[in-house]
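Structure first, commentary second.
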Amino acid sequence: MTSTLNTDQLLVDDATWWRQAAVYQIYPRSFADANGDGIGDLRGIISRVPYLKRLGIDAVWLSPFYPSALADGGYDVADYRDVDPRIGTLDEFDEMVAALHAAGIRVIADIVPNHSSDDHVWFQEALAAGPGSPERARYIFRDGLGADGSRPPADWTSMFGEPAWTRVPDGQWYLHLFAREQPDFNWDNEDVREDFRKTLRFWSDRGVDGFRIDVAHGLTKELGESLPSQAEIDAITEPGAHPLWDRDEVHEIYADWRKVFNEYTPPRIAVAEAWVTTHRRPRYASAEGLGQAFNFDLLEADFDAEQFRTIITDNLALSAASGSSTTWVFSNHDVVRHATRYALPPRNGSTTVKQGQEWLLSGGTAPVADVELGLRRARAATLLMLGLPGSAYLYQGEELGLPEVADIPAAERQDPAFFRNPGVDMGRDGCRVPLPWTREGSSFGFGPAGAHLPQPAGFGELSVEAQDGVPGSTLELYRAALALRHELQAAETLEWVPSPADVVRFARPSGWQVVTNFGTDPVALPDGEVLLTSGPLAGTQLPASTTAWIRTA
Ligand code: NOJ
Ligand code: CA
């Protein structure tokens, strides 16, 4: 089937559109609410297509919009081939795809293949059918240990902190690496494999251009007769030897999916969410596999020139090894927004907020987080990223410079990471607060009524309305950068330009240079025409925490 993309900027059958695309992540429940039930919806997205077009992005990636009990923000999918009635209908989905395509914007859907929701009809059938049944073989069921089977098959801990095995009324146990409402599929089962092929074709036939693959390093598991303990698993360091994560067999699945992707013109694309060691990433990104993989290295780095330089060098080499283009990302629905991360002390790779650190974010008590510095650094980092070869993934609201919302009362929080990890993790609700579109109004223009997560009082001042057309606003910076990037982006190459230790400077083809001052003192601006800066210049000086794009002769 041929894509219906209708744009003067992109060729309809351009098979390489993704290589240097700017992809904007929409978390549908928090983007725009058209019908006033407090939950963002497809009509809301449709109404904002002009905004997305004006922003200048190439594609949107939609986090799950499928029917879900929302035990994990929609990553607990009850039906992979439908739309949650609270979010819309399949007809509205088609309308949304058509509107985005007409605006020259591609559509990426989120596929969640490691686990379903416990509401999924297959899991309900598995419960009803009982031990040893073909229905149960689609998931991972085991008898328990001990004479009466009352001990779990293993002492494993799930990603959200509770035990990874849960007992069902007939006495068996099932595996869930995430919440108990997210039973893991058994990928040795052909029904499971066939059903996902069906799902990929279902959305591809509806014009979806690509897929983000959730927990792509999960799926296949090596579970022998007797299971290792958590301590034994934790001691495994040899790549590919872990029984639960990043097994080589998973690539058979992606080779199979690649055949499905290639049934379409242009081939559907996929990007792996695979938290694996760096050298294991190229296989996920290979042309025989998913084609692209997230690189979370900058997201995990501090605002530090040396770290940035190393990460960029390493990832360009890795993408050359896989034949893919690299991906860059600072924010998504799982981590503290980067405008806030950069206001915190160096975090050495930690992207979550621990309980007891709320003061760092809320600004209510001393020491107050330096919000202004965080935003200045975030803008500088983003302008650097948008100058890099490869594709850039942006998360809704970062174009407004939104901070993490830290002071959400416990009673209003939704994320299982908060509830199941008491005293450890603040959870991810703070980056999922509905967007402010207007200065005033009950939910700052998010919808005609309230918002499903509370927005802070000052949100209106960060709204689209407050920043639209305002020189120097974060929104106008993103718009200008994305527009210029379209003009300047060329071959996927970069040359480092020698510079002081605190300065990162590189040249792209055709005289486009990017220079970022990570230090605390101003540095001399390189010669050339200044095209864009992330903040005001000081005469001929590039101030601290600022990036400039320069055209050299
Ligand atoms: C990664 C998703 O980004 C996250 O939000 C989710 O909780 C887990 N995968 C489980 O699906
Ligand atoms: Ca709604």
Inset, instruction - Return the only residue of 291, 323 being in contact with a strand residue (DSSP E or B) (Cβ under 8 Å, 6 or more places away or on another chain) and on the phi > 0 side of the Ramachandran plot. - result: 291
Inset, instruction - Return the only residue of 265, 237, 220, 278 being β-branched (Val, Ile, Thr) and in contact (Cβ under 8 Å) with a residue 60 or more places away in the chain. - result: 265
Inset, instruction - Scan segment 519-540 for residues that are under 21 Å from residue 473 (Cα atoms), open to solvent by 10 Å² or more (accessible area, probe 1.4 Å) and touching a residue at least 12 places away in the same chain (Cβ under 8 Å) and report the count. - result: 8
Inset, instruction - All but one of (1) part of a helix (DSSP H, G or I); (2) more than 16 Å from ligand 2 (Cβ to nearest atom); (3) over 20 Å from residue 210 (Cβ atoms) hold for residue 44, so report the exception by its number. - result: (2)
Inset, instruction - Say whether the condition of being farther than 25 Å from residue 113 by Cβ, open to solvent by 10 Å² or more (accessible area, probe 1.4 Å), touching a residue at least 12 places away in the same chain (Cβ under 8 Å) and in contact with an Asp or Glu (Cβ under 8 Å, 6 or more places away or on another chain) is met by at least one residue in segment 155-162. - result: no
Legend entry - Inter-residue pairs, beta-carbon under 7 Å, first over 21 Å from residue 205 (Cα atoms) and in segment 72-92, second away from ligand 1 (no atom under 16 Å from the Cβ), 6+ apart: 86/37; 86/39
Legend entry - Single match in 450, 460, 401, 427 (criterion: out of contact with any Leu (no Cβ under 8 Å at 6 or more places or on another chain) and on the phi > 0 side of the Ramachandran plot): 427
Legend entry - Close pairs (8 angstrom Cβ cut-off, 6 or more residues apart or separate chains): more than 12 Å from residue 153 (Cβ to Cβ) in segment 166-184, part of a loop (DSSP other than H, G, I, E, B) and aromatic (Phe, Trp, Tyr) anywhere: 178/75; 178/160; 179/160; 182/75
Legend entry - Condition check for residue 37: at pLDDT 95 or above, within 15 Å of ligand 2 (Cβ to nearest atom), open to solvent by less than 10 Å² (accessible area, probe 1.4 Å) and not in a helix (DSSP H, G or I): no
Inset, instruction - With respect to residue 100, determine if the residue is surrounded by fewer than 21 Cβ atoms within 10 Å (Cβ to Cβ), away from ligand 2 (no atom under 16 Å from the Cβ) and either more than 30 Å from residue 28 (Cα to Cα) or in contact (Cβ under 8 Å) with a residue 24 or more places away in the chain (or both). - result: no
Legend entry - Restricting segment 410-469 to residues that are in a helix (DSSP H, G or I) and under 17 Å from residue 71 (Cβ atoms), the residue that is most open to solvent (accessible area, probe 1.4 Å): 419
Legend entry - Search result, residues across segment 69-87 that are within 16 Å of ligand 2 (Cβ to nearest atom) and either open to solvent by less than 10 Å² (accessible area, probe 1.4 Å) or assigned to a strand (DSSP E or B) (or both): 74, 83, 84, 87
Inset, instruction - Kindly indicate which of 247, 280, 258 is surrounded by fewer than 21 Cβ atoms within 10 Å (Cβ to Cβ), at pLDDT below 95 and closer than 27 Å to residue 190 by Cβ. - result: 280
Legend entry - Of residues in segment 322-337 being within 15 Å of the chain's Cα centre (by Cα) and modelled with pLDDT under 95, the one farthest from ligand 1 (Cβ to nearest atom): 326
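The values are calculated or read from the model by the stated rules, or taken from the named source; none is laboratory data. The structure presented is a predicted model; accordingly, all values stated were derived computationally and were not measured. Counting neighbours? That spans all protein chains shown, and the Cβs are built from the backbone with ideal geometry, glycine included. For the accessible areas, the whole protein counts, side chains as well, though only heavy atoms, and no ligand, DNA or RNA atoms are used. Shrake-Rupley method; radii C 1.70, N 1.55, O 1.52, S 1.80 Å.
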